[in-house]
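The values are calculated or read from the model by the stated rules, or taken from the named source; none is laboratory data. Keep in mind the model is a prediction, meaning the values are calculated, not measured. When we count neighbours, we look across all protein chains shown, and the Cβ atoms used for this are built from the backbone with ideal geometry, even at glycine.
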Amino acid sequence: MKDSYGRNIDYLRISVTDRFNLRCLYCMPEDIDLSPMSDILTFEDLASVACAAAKLGISKIKITGGEPLVRRDVCHLIRMLKDTHGIDQVTLTTNGMLLGRFLTGLIDAGIDGINVSLDTLDRGRYGRITGHDGLETVLDGINKAAGSNIPVKINAVSVDWDRYFGTSKADDAPAIPEDVKALIGLAEDQPVDVRFIELMPIGYGKDFPGIPHDILIPQIKALYDGMTEADRRGNGPAVYYKIPGYKGRIGFISAIHGKFCNECNRIRLTSKGYLKSCLCYDTGVDIKSIVRQSDLGAVKQERLVRAFEQCILSKPDSHSFTQKEKITEKLTMSAIGG
Ligand code: SAM
């Protein structure tokens with residue numbers, strides 16, 4: 001359905017767990033008090049939710065977390081969502097640690113695309129960022145996924161790791177980081193899109209040095225001869241470029257320096273059942289209380305549809321990430337799901 005600003009909302013991100021198997025510094029660096037499983041929406045809850053969402057024209061779902069692959073039987077959930085009338089596409093975002101193990105199950109469940117979050121190809125740095133020596137495991141998962149027919153995207157958040165780790169002086173002349181060059185290299189031989197996501201001032205990310213995309217994009221363009229803008233495809237806001245001879249594309253999701261709120265097509269559901277209309281604000285609708293009511297299915301469905309309508313109609317015209325005093329979201333990105 002259309003929101004109050006005429007945007008068509010057809011995409012729902014569902015966080016299926018608050019559990020993690022990595023401890024990324026800018027996202028979820030330390031152990032948190034985990035919610036009891038009774039607070040987390042069950043697969044049956046999520047099936048009702050998807051059904052209601054589809055009635056309003058939501059046709060694409062992204063499974064996120066926490067780390068979605070640590071949720072037991074997540075492939076079964078994906079199959080349930082794929083079987084929901086009106087849902088055309090179910091995709092997943094993962095840190096890749098368990099991708100190799102679950103790839104066949106994901107493919108059998110009908111997954112339509114896999115995003116892998118990966119910020120560096122330097123093994124030592126990967127360990128420092130994520131708290132685990134898991135780079136090879138992730139790369140192995142990516143290679144296997146890229147060898148299947150499933151579209152694979154790599155998502156890297158544009159953090160200035162050199163500055164964070166003190167390997168370059170803050171006042172150094174801007175130079176394209178080695179991490180960025182290495183990640184771009186992944187698109188050379190494999191049909192994977194490598195996308196850079198501008199760091200948003202949410203959760204722990206607030207305290208990290210981002211690389212603004214008005215600096216990063218021209219640097220990359222200057223380095224890769226013949227890089228040209230490619231057709232837009234996909235669900236979202238990424239602007240894609242092609243580098244001659246590369247199998248995959250390079251994409252930029254620039255929430256700050258390429259604000260795309262006028263094209264925003266999404267809402268988000270936390271694992272505890274809070275439906276959010278925008279990353280920047282804490283406003284939303286609690287739908288757990290609706291799915292857990294003992295009403296008959298039809299009554300519950302109707303209430304869920306109304307809750308989705310309420311959330312979509314309350315979607316603000318834009319975020320305020322550059323005016324920090326206006327950001328009301330207190331949840332971390334790990335609780336929202338990105
Ligand atoms: N564990 C899954 C994964 O790694 O894709 C899903 C959850 S994770 C919160 C989703 C995405 O949000 C990851 O790509 C992560 O890098 C990104 N992210 C976390 N904090 C961010 C921030 N402050 N700004 C932009 N992206 C962020």
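If you take the residues in the stretch 52-93 that are within 13 Å of the chain's Cα centre (by Cα) and part of a loop (DSSP other than H, G, I, E, B), which one is farthest from the ligand (Cβ to nearest atom)?
66
In this structure, is residue 185 more than 18 Å from the chain's Cα centre (by Cα), surrounded by fewer than 20 Cβ atoms within 10 Å (Cβ to Cβ), of a type outside the set (Phe, Trp, Tyr) and away from the ligand (no atom under 16 Å from the Cβ)? Give the derivation first.
On the way: more than 18 Å from the chain's Cα centre (by Cα): yes; surrounded by fewer than 20 Cβ atoms within 10 Å (Cβ to Cβ): yes; of a type outside the set (Phe, Trp, Tyr): yes; away from the ligand (no atom under 16 Å from the Cβ): yes.
Here the answer is yes, as residue 185 does meet what is asked.
List the strands (runs of 3 or more DSSP E) that sit entirely inside the stretch 222-322 and contain at least 3 residues that are under 23 Å from residue 153 (Cβ atoms) and touching a residue at least 40 places away in the same chain (Cβ under 8 Å).
Numbers: elements: 239-242, 250-253, 266-269, 274-276, 284-286.
Those strands (runs of 3 or more DSSP E) span 250-253, 266-269.
Restricted to the stretch 196-215, and to residues that are near the ligand (Cβ under 10 Å from one of its atoms) and in a loop (DSSP other than H, G, I, E, B), which residue is farthest from residue 335 (Cα to Cα)?
208
Does residue 34 meet the test of being more than 29 Å from residue 86 (Cβ to Cβ) and either modelled with pLDDT of 95 or more or among the polar types (S, T, N, Q) (or both)? I'd like the intermediate steps shown before the answer.
Details: more than 29 Å from residue 86 (Cβ to Cβ): yes; either modelled with pLDDT of 95 or more or among the polar types (S, T, N, Q) (or both): no.
Criteria not met by residue 34.
Look at the stretch 2-15 and say how many of its residues are under 30 Å from residue 131 (Cα atoms), touching a Ser or Thr at 6+ places or on another chain (Cβ under 6 Å) and not hydroxyl-bearing (Ser, Thr, Tyr). Reasoning before the result, please.
From the stretch 2-15, those under 30 Å from residue 131 (Cα atoms) are 12-15; that's our starting set.
Pick out the ones that are also touching a Ser or Thr at 6+ places or on another chain (Cβ under 6 Å) and you get 13, 15.
When the remaining residues are screened for being not hydroxyl-bearing (Ser, Thr, Tyr), the result is 13.
Residues meeting the conditions: 1.
Listed here are the residues, each with its yes/no results for (1) out of contact with any Cys (no Cβ under 6 Å at 6 or more places or on another chain); (2) among the aromatic types (Phe, Trp, Tyr); (3) over 29 Å from residue 55 (Cα atoms); (4) loosely packed, with under 14 Cβ neighbours inside 10 Å.
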position: 220; (1), (2), (3), (4): yes, no, yes, no
position: 228; (1), (2), (3), (4): yes, no, yes, yes
position: 231; (1), (2), (3), (4): yes, no, yes, yes
position: 247; (1), (2), (3), (4): yes, no, yes, no
position: 256; (1), (2), (3), (4): yes, no, yes, no
position: 261; (1), (2), (3), (4): yes, no, no, no
position: 264; (1), (2), (3), (4): yes, no, no, no
position: 286; (1), (2), (3), (4): yes, no, no, yes
position: 299; (1), (2), (3), (4): yes, no, no, yes
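Which residue out of 12, 25 is modelled with pLDDT of 95 or more, within 27 Å of residue 199 (Cα to Cα), within 14 Å of the ligand (Cβ to nearest atom) and buried (at least 18 other Cβ atoms within 10 Å of the Cβ)?
Working: 12 fails: within 14 Å of the ligand (Cβ to nearest atom).
Only one candidate passes the filter, namely 25.
State all residues of the stretch 98-143 that are surrounded by fewer than 16 Cβ atoms within 10 Å (Cβ to Cβ), in contact with a helix residue (DSSP H, G or I) (Cβ under 6 Å, 6 or more places away or on another chain) and touching a residue at least 12 places away in the same chain (Cβ under 8 Å); if no residue qualifies, say none.
Within the stretch 98-143, 110, 123, 140 qualify.
Residue 39: of a type outside the set (A, V, I, L, M, F, W, C), free of Cβ contacts under 8 Å to residues at least 40 places away in the same chain and surrounded by fewer than 17 Cβ atoms within 10 Å (Cβ to Cβ), yes or no?
Values: of a type outside the set (A, V, I, L, M, F, W, C): yes; free of Cβ contacts under 8 Å to residues at least 40 places away in the same chain: no; surrounded by fewer than 17 Cβ atoms within 10 Å (Cβ to Cβ): yes.
The answer is no for residue 39.
Tally up the residues in the stretch 72-129 that are closer than 25 Å to residue 56 by Cβ and touching a Cys at 6+ places or on another chain (Cβ under 6 Å), please.
2
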